[in-house]
Amino acid sequence: MIKARLLVAGLTAAAALTLALPALAADGPHRVYALASQNGSGELGTVTLTAVGEKTRVDVAIANAPTDVPQPAHIHPGSCAKLDPKPKYPLTSVVDGTSTTVVDAPMSALVAGGFAVNVHKSTSELPVYISCGELGAKK
(Lines give C-alpha, C1' and ligand atoms only; values in the text may rest on other atoms or scores of the structure.)
Protein backbone atom coordinates (compact mmCIF):
# COMPACT_ATOMS: atom_id res chain seq x y z
CA MET A 1 0.00 0.00 0.00
CA ILE A 2 2.81 2.42 0.90
CA LYS A 3 4.70 1.55 -2.29
CA ALA A 4 1.55 2.23 -4.32
CA ARG A 5 1.14 5.63 -2.63
CA LEU A 6 4.76 6.53 -3.30
CA LEU A 7 4.39 5.44 -6.92
CA VAL A 8 1.27 7.60 -7.35
CA ALA A 9 3.04 10.53 -5.65
CA GLY A 10 6.05 10.11 -7.90
CA LEU A 11 3.91 9.97 -11.02
CA THR A 12 1.96 13.03 -9.88
CA ALA A 13 5.16 14.98 -9.27
CA ALA A 14 6.59 13.83 -12.61
CA ALA A 15 3.46 15.00 -14.40
CA ALA A 16 3.62 18.37 -12.63
CA LEU A 17 7.28 18.78 -13.54
CA THR A 18 6.61 17.78 -17.15
CA LEU A 19 4.03 20.52 -17.39
CA ALA A 20 6.46 22.94 -15.75
CA LEU A 21 9.42 22.23 -18.03
CA PRO A 22 8.69 25.16 -20.37
CA ALA A 23 8.77 27.46 -17.33
CA LEU A 24 12.08 25.96 -16.24
CA ALA A 25 13.64 26.62 -19.63
CA ALA A 26 12.22 30.05 -20.42
CA ASP A 27 13.06 33.42 -19.00
CA GLY A 28 9.75 34.90 -17.98
CA PRO A 29 7.55 35.84 -15.08
CA HIS A 30 7.45 32.26 -13.64
CA ARG A 31 10.02 29.72 -12.54
CA VAL A 32 9.22 26.24 -11.23
CA TYR A 33 11.56 24.10 -9.15
CA ALA A 34 11.22 20.58 -7.75
CA LEU A 35 10.85 19.87 -4.04
CA ALA A 36 12.36 16.48 -3.18
CA SER A 37 11.15 14.30 -0.35
CA GLN A 38 13.40 14.14 2.71
CA ASN A 39 13.68 11.86 5.74
CA GLY A 40 11.35 9.23 4.26
CA SER A 41 8.36 11.60 4.27
CA GLY A 42 7.15 10.77 0.76
CA GLU A 43 6.22 14.47 0.48
CA LEU A 44 7.45 15.99 -2.77
CA GLY A 45 6.23 18.66 -5.13
CA THR A 46 7.07 22.03 -6.63
CA VAL A 47 7.80 25.60 -5.70
CA THR A 48 6.70 28.22 -8.23
CA LEU A 49 8.16 31.72 -8.22
CA THR A 50 6.21 34.50 -9.93
CA ALA A 51 7.55 38.01 -10.38
CA VAL A 52 5.26 40.66 -8.86
CA GLY A 53 7.14 43.88 -9.54
CA GLU A 54 10.02 44.05 -7.05
CA LYS A 55 8.46 41.22 -5.00
CA THR A 56 8.00 37.50 -5.66
CA ARG A 57 4.98 35.27 -5.10
CA VAL A 58 6.10 31.86 -3.83
CA ASP A 59 3.62 29.00 -4.31
CA VAL A 60 4.44 25.66 -2.70
CA ALA A 61 2.53 22.52 -3.73
CA ILE A 62 3.29 19.20 -2.01
CA ALA A 63 1.86 15.76 -2.75
CA ASN A 64 1.18 13.40 0.18
CA ALA A 65 1.06 16.21 2.74
CA PRO A 66 -0.92 15.53 5.91
CA THR A 67 -4.40 16.99 6.27
CA ASP A 68 -4.86 19.95 8.62
CA VAL A 69 -1.24 19.95 9.87
CA PRO A 70 0.55 23.27 9.35
CA GLN A 71 4.04 22.62 8.01
CA PRO A 72 6.35 25.63 8.34
CA ALA A 73 8.32 26.56 5.21
CA HIS A 74 11.19 28.95 4.59
CA ILE A 75 13.67 30.17 2.02
CA HIS A 76 17.17 29.62 3.40
CA PRO A 77 20.60 30.61 2.16
CA GLY A 78 22.51 27.53 1.05
CA SER A 79 21.61 24.25 -0.58
CA CYS A 80 19.39 21.38 0.56
CA ALA A 81 22.54 19.51 1.59
CA LYS A 82 23.91 22.49 3.53
CA LEU A 83 21.17 24.88 4.67
CA ASP A 84 21.99 27.90 6.74
CA PRO A 85 19.75 27.23 9.78
CA LYS A 86 18.64 30.88 9.86
CA PRO A 87 15.89 31.44 7.24
CA LYS A 88 16.21 34.44 4.95
CA TYR A 89 12.49 34.61 4.10
CA PRO A 90 9.67 32.94 6.07
CA LEU A 91 6.86 31.45 4.00
CA THR A 92 3.25 30.84 4.94
CA SER A 93 2.96 27.34 6.43
CA VAL A 94 1.97 24.59 4.03
CA VAL A 95 -1.54 23.38 4.93
CA ASP A 96 -3.23 20.55 3.05
CA GLY A 97 -0.31 20.59 0.60
CA THR A 98 -0.31 24.25 -0.44
CA SER A 99 1.12 27.61 0.58
CA THR A 100 1.26 31.06 -1.03
CA THR A 101 3.45 33.91 0.18
CA VAL A 102 4.59 37.21 -1.32
CA VAL A 103 8.26 37.72 -0.46
CA ASP A 104 9.84 41.17 -0.32
CA ALA A 105 12.60 40.31 -2.81
CA PRO A 106 12.76 40.43 -6.61
CA MET A 107 12.56 37.06 -8.36
CA SER A 108 15.94 37.75 -10.00
CA ALA A 109 17.61 37.71 -6.57
CA LEU A 110 15.98 34.41 -5.61
CA VAL A 111 16.83 32.60 -8.86
CA ALA A 112 20.42 33.84 -8.98
CA GLY A 113 21.31 30.78 -6.91
CA GLY A 114 22.31 30.19 -3.35
CA PHE A 115 18.82 29.68 -1.88
CA ALA A 116 16.72 26.63 -1.04
CA VAL A 117 13.10 26.19 0.05
CA ASN A 118 12.57 23.73 2.86
CA VAL A 119 9.42 22.44 4.54
CA HIS A 120 9.29 21.15 8.12
CA LYS A 121 7.21 18.22 9.39
CA SER A 122 5.14 20.42 11.77
CA THR A 123 5.44 23.35 14.15
CA SER A 124 6.19 20.92 16.99
CA GLU A 125 8.80 19.03 14.91
CA LEU A 126 10.77 21.87 13.31
CA PRO A 127 14.08 19.97 13.19
CA VAL A 128 12.53 17.38 10.85
CA TYR A 129 12.72 18.46 7.20
CA ILE A 130 10.20 16.70 4.93
CA SER A 131 10.92 18.40 1.60
CA CYS A 132 13.52 20.66 0.02
CA GLY A 133 14.29 22.26 -3.34
CA GLU A 134 17.06 24.52 -4.57
CA LEU A 135 16.20 27.78 -6.31
CA GLY A 136 18.25 28.75 -9.29
CA ALA A 137 19.45 25.17 -9.64
CA LYS A 138 20.04 23.82 -13.13
CA LYS A 139 17.44 25.25 -15.47
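The values are calculated or read from the model by the stated rules, or taken from the named source; none is laboratory data. On a predicted model such as this, the values are computed, not experimentally measured, just so you know. With ideal geometry, Cβ positions are generated from the backbone for all residues, glycine too; neighbour counts draw on all protein chains shown.
For (1) in a loop (DSSP other than H, G, I, E, B); (2) at pLDDT below 95; (3) crowded, with 21+ Cβ neighbours inside 10 Å; (4) of a type in the set (A, V, I, L, M, F, W, C), each residue gets a yes or a no:
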| site | (1), (2), (3), (4) |
| --- | --- |
| Asp27 | yes, yes, no, no |
| Leu49 | no, no, yes, yes |
| Asp59 | no, no, no, no |
| Ile62 | no, no, yes, yes |
| Thr67 | yes, yes, no, no |
| Val94 | no, no, yes, yes |
| Val119 | no, no, yes, yes |
| Ser131 | no, no, yes, no |
| Lys138 | yes, yes, no, no |
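Among the criteria (1) surrounded by 15 or more Cβ atoms within 10 Å (Cβ to Cβ); (2) out of contact with any strand residue (DSSP E or B) (no Cβ under 8 Å at 6 or more places or on another chain), the one Leu110 does not fulfil is (2). On the stretch given as segment 98-117, residues that are under 15 Å from Ala34 (Cα atoms), part of a strand (DSSP E or B) and of a type outside the set (S, T, N, Q) total 3. Just to verify a result, which residue in segment 69-92, among those that are outside any strand (DSSP E or B) and of a type in the set (Gly, Ala, Ser), is surrounded by the fewest Cβ atoms within 10 Å (Cβ to Cβ)? Only one residue tops the list, namely Ala81.
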